[in-house]
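*Asks:* Let me give you the structure first, and then I'll get to my questions.
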């Protein structure tokens, strides 16, 4: 059975990574991005996967892409329906580095707040009020992975005037911009058994409209940002860094502990709380 990864690039999740997962010791999919990260039903987005191995980023990896069209029954606890993990309820998007993913007109019924067919219940929004279309990547030796593209849906249960204002004023998410990794030493000449401070930086987070069901009003919030750190060797002090929506910081750091000599790859995967995902990497030579 292939390994299955649920890459929550569009769910507002803030779960901590297992430290063991930060060290890449086998082929894996670290992230899936959608560009644009949020679309309306009937529009399309481009999806790409960060496929890696102990040798570094696999630029030649061509995943088999599929769109999941099976809603998740209320009896299932997974992030996607087992039909999609088992190869049922999929629409083939081809085998390619970057796939065009058309979001169905029924996406807000299948995965959003609209009443779905077949006795399923509408989905609950995430912490930012968002809903998501699952996309599957079969990356061969790197395993199966699912990403989630955000869908722009109408508000459910809101007063008519509030729903109208939301529909006319809400702005879809855009992909955050990440800068090349910065370090406090020359990464081409790192002494063995030394500590390297790595810093990931990004542009100012976006603000967005959010419907507060308690007050039945729209409020403006700022996206939180999360950086997940990975390496092909050594050790990381912090493997996941969160900058909350009340924090105006645009950078975060971790310490990578270099072990013996060799060439290593480091990755920083940046996710905003509305589903925008991007990444950067660096090659390190330990002497």
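*Asks:* Of all residues in the range 245-287 being touching a strand residue (DSSP E or B) at 6+ places or on another chain (Cβ under 7 Å) and free of Cβ contacts under 8 Å to residues at least 24 places away in the same chain, which is nearest to residue 203 (Cα to Cα)?
*Replies:* Per the criteria, the residue is 249.
*Asks:* Of all residues in the range 152-193, which are closer than 22 Å to residue 275 by Cβ, touching a strand residue (DSSP E or B) at 6+ places or on another chain (Cβ under 8 Å) and assigned to a helix (DSSP H, G or I)?
*Replies:* Of everything in the range 152-193, those that are closer than 22 Å to residue 275 by Cβ, touching a strand residue (DSSP E or B) at 6+ places or on another chain (Cβ under 8 Å) and assigned to a helix (DSSP H, G or I) turn out to be 166, 169.
*Asks:* Test residue 283 against the stated conditions and say whether it is surrounded by fewer than 21 Cβ atoms within 10 Å (Cβ to Cβ), closer than 21 Å to residue 28 by Cβ and modelled with pLDDT of 95 or more. Walk me through it before giving the result.
*Replies:* Working: surrounded by fewer than 21 Cβ atoms within 10 Å (Cβ to Cβ): yes; closer than 21 Å to residue 28 by Cβ: yes; modelled with pLDDT of 95 or more: yes.
Answer is yes for this residue.
*Asks:* Of these, 142, 107, which one is over 30 Å from residue 221 (Cα atoms), touching a strand residue (DSSP E or B) at 6+ places or on another chain (Cβ under 8 Å) and crowded, with 23+ Cβ neighbours inside 10 Å?
*Replies:* Values: 107 fails: over 30 Å from residue 221 (Cα atoms).
The match here is 142.
*Asks:* For the range 44-84, which residues satisfy the criterion of being out of contact with any strand residue (DSSP E or B) (no Cβ under 9 Å at 6 or more places or on another chain), at pLDDT 90 or above and surrounded by 16 or more Cβ atoms within 10 Å (Cβ to Cβ)?
*Replies:* Within the range 44-84, no residue meets the criteria.
*Asks:* Go through the range 127-138 and count every residue that is touching a residue at least 40 places away in the same chain (Cβ under 8 Å) and buried (at least 23 other Cβ atoms within 10 Å of the Cβ).
*Replies:* As a first pass, look at the range 127-138 and keep what is touching a residue at least 40 places away in the same chain (Cβ under 8 Å): 127-130, 132-138.
Applying the additional criterion that residues be buried (at least 23 other Cβ atoms within 10 Å of the Cβ) yields 130, 132-137.
Of the residues in that region, 7 qualify.
*Asks:* If you don't mind, another one. Can you tell me which of 161, 141, 124, 212 is more than 21 Å from residue 241 (Cβ to Cβ), under 22 Å from the mean Cα position of the chain (by Cα) and without any contact (Cβ under 8 Å) to a residue 12 or more places away in the chain? So that I can check it myself, show each step before the final result.
*Replies:* Details: 161 fails: under 22 Å from the mean Cα position of the chain (by Cα); 141 fails: without any contact (Cβ under 8 Å) to a residue 12 or more places away in the chain; 212 fails: under 22 Å from the mean Cα position of the chain (by Cα).
Result: 124 is the single residue among 161, 141, 124, 212 that is more than 21 Å from residue 241 (Cβ to Cβ), under 22 Å from the mean Cα position of the chain (by Cα) and without any contact (Cβ under 8 Å) to a residue 12 or more places away in the chain.
*Asks:* With the requirement that a residue be within 17 Å of the chain's Cα centre (by Cα) and either in a strand (DSSP E or B) or crowded, with 21+ Cβ neighbours inside 10 Å (or both), what does the range 215-228 give you? Please lay out each step first, then the result.
*Replies:* Within the range 215-228, the first condition is being within 17 Å of the chain's Cα centre (by Cα), and the residues that meet it are 223-228.
Listed by number, the residues that qualify are 223, 225, 226, 227, 228.
*Asks:* Next up: Of the residues in the range 5-43, how many are surrounded by 14 or more Cβ atoms within 10 Å (Cβ to Cβ) and either at pLDDT below 95 or not in a loop (DSSP other than H, G, I, E, B) (or both)? Before the answer, list the steps.
*Replies:* Narrowing the range 5-43 to residues surrounded by 14 or more Cβ atoms within 10 Å (Cβ to Cβ): 5-14, 17, 21-24, 27-39, 41, 43.
Filter once more, keeping what is either at pLDDT below 95 or not in a loop (DSSP other than H, G, I, E, B) (or both): 5-14, 17, 21-23, 28-35, 38-39.
Total satisfying the criteria: 24.
*Asks:* Right, another one. Does residue 109 meet the test of being modelled with pLDDT under 95 and not in a loop (DSSP other than H, G, I, E, B)? I'd like the intermediate steps shown before the answer.
*Replies:* On the way: modelled with pLDDT under 95: yes; not in a loop (DSSP other than H, G, I, E, B): yes.
Yes: the conditions hold for residue 109.
*Asks:* OK, next. Which of the residues spanning the range 232-244 are over 27 Å from residue 26 (Cβ atoms) and touching a strand residue (DSSP E or B) at 6+ places or on another chain (Cβ under 8 Å)?
*Replies:* At the first step, the residues of the range 232-244 found to be over 27 Å from residue 26 (Cβ atoms) are 243-244.
Across the range 232-244, the qualifying residue is only 243.
*Asks:* Given the criteria in a loop (DSSP other than H, G, I, E, B) and either at pLDDT 95 or above or over 30 Å from residue 259 (Cβ atoms) (or both), does residue 134 qualify?
*Replies:* Values: in a loop (DSSP other than H, G, I, E, B): no; either at pLDDT 95 or above or over 30 Å from residue 259 (Cβ atoms) (or both): yes.
It is false that residue 134 is in a loop (DSSP other than H, G, I, E, B) and either at pLDDT 95 or above or over 30 Å from residue 259 (Cβ atoms) (or both).
*Asks:* Among the numbered criteria (1) assigned to a strand (DSSP E or B); (2) surrounded by fewer than 14 Cβ atoms within 10 Å (Cβ to Cβ), which single criterion is violated by residue 210?
*Replies:* Residue 210 satisfies all of (1) assigned to a strand (DSSP E or B); (2) surrounded by fewer than 14 Cβ atoms within 10 Å (Cβ to Cβ) except (2).
*Asks:* Select, from 238, 219, the only residue that is out of contact with any helix residue (DSSP H, G or I) (no Cβ under 7 Å at 6 or more places or on another chain) and modelled with pLDDT under 95.
*Replies:* On the way: 219 fails: modelled with pLDDT under 95.
That would be 238, the only listed residue that is out of contact with any helix residue (DSSP H, G or I) (no Cβ under 7 Å at 6 or more places or on another chain) and modelled with pLDDT under 95.
The values are calculated or read from the model by the stated rules, or taken from the named source; none is laboratory data. Everything numeric in this text was worked out from a predicted model, so none of it was measured. In this analysis, Cβ positions are derived from the backbone assuming ideal geometry, glycine residues included, and neighbour counts consider all displayed protein chains.
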